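Only the coordinates and a few stated rules stand behind these numbers; no lab work does. The structure presented is a predicted model; accordingly, all values stated were derived computationally and were not measured. Cβ atoms come from the backbone with ideal geometry, glycine included; neighbour counts cover every protein chain shown.
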Amino acid sequence: MCVCRQVPFARLLPMARAGGWDVDGIARATGCGAGCGLCRPYLRRMLATGETEFRELLTESRDG
Ligand code: FES
């Protein structure tokens, strides 16, 4: 989940799909990704693959 906003990815994914949001769109609409930013690589992966559960540690290194 986005810890800053206390929103689970499983809730964000359908909203993002319905709204056609990219990561910045999610941040604008919900504030998720606009706080500490640590969830942004997870949001990016979620949009790309549809995953909402992550067992790996993702970092910003390859995230815009
Ligand atoms: S965890 Fe999403 S902005 Fe901090």
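The table below lists the values:
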| item | result |
| --- | --- |
| Dipole in debye (nearest 20) - the chain, about Cα centre, beta carbon charges: Lys, Arg +1; Asp, Glu -1 | 120 debye |
| Cα-based convex hull, the chain, per residue volume (Å³, whole number) | 77 Å³ |
| Qualifying chymotrypsin sites (Phe, Trp or Tyr not before Pro) for the chain [loop in DSSP, other Cβ within 10 Å: at most 14] | F54 |
| Helical mean residue ellipticity (222 nm; -39500 (n - 2.57) per DSSP H run of 4+; nearest 500) of the chain | -13000 deg cm²/dmol |
| Loop GluC sites (Glu not before Pro), the chain, which have at most 16 other Cβ atoms in a 10 Å radius of their Cβ (DSSP) | E51, E53, E56 |
